[in-house]
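Worksheet: one structure, shown below.
The values are calculated or read from the model by the stated rules, or taken from the named source; none is laboratory data. Treat the numbers as computed from the prediction; the structure is a model and nothing was measured. Note that each Cβ is placed from the backbone with ideal geometry, even for glycine, and that neighbours are counted across all protein chains shown.
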Amino acid sequence: MLVEVALPAQDAVPAVDGCRFVTPRGEVVPLPVEEADLQETHRRLPARLALRALDEAFSVTPTGVVGTASSTGAWPRPTPPPGGPSAHTW
């Protein structure tokens with residue numbers, strides 16, 4: 001069994017942690033996610049998606065049908081900032 005996972009860029013991860021209602025103004029205000037938390041969520045995404053996909057695949061596959069499972073993943077490299085380093089490090 002082979003599971004391939006293609007991941008979106010980091011900007012696809014929601015940058016809002018939740019919302020709160022501000023009573024005096026009568027409006028809902030988004031609560032932003034810290035940049036470090038956003039990066040950590042995106043960094044862990046490949047493993048989470050691979051494990052989820054394998055779990056789903058094995059839950060519908062009869063025992064003994066699959067001898068080996070493999071998972072590969074790829075995600076786009078972020079565009080480096082102007083004048084910044086060209087190599088992306090994780």
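Considering every residue within the range 20-32, establish whether at least one is of a type outside the set (Lys, Arg) and touching a Pro at 6+ places or on another chain (Cβ under 8 Å).
no
Tell me, which residue of the range 34-90 that is in contact with a helix residue (DSSP H, G or I) (Cβ under 8 Å, 6 or more places away or on another chain) and within 30 Å of Arg20 (Cα to Cα) is modelled with the lowest pLDDT?
The extreme case among them is His42.
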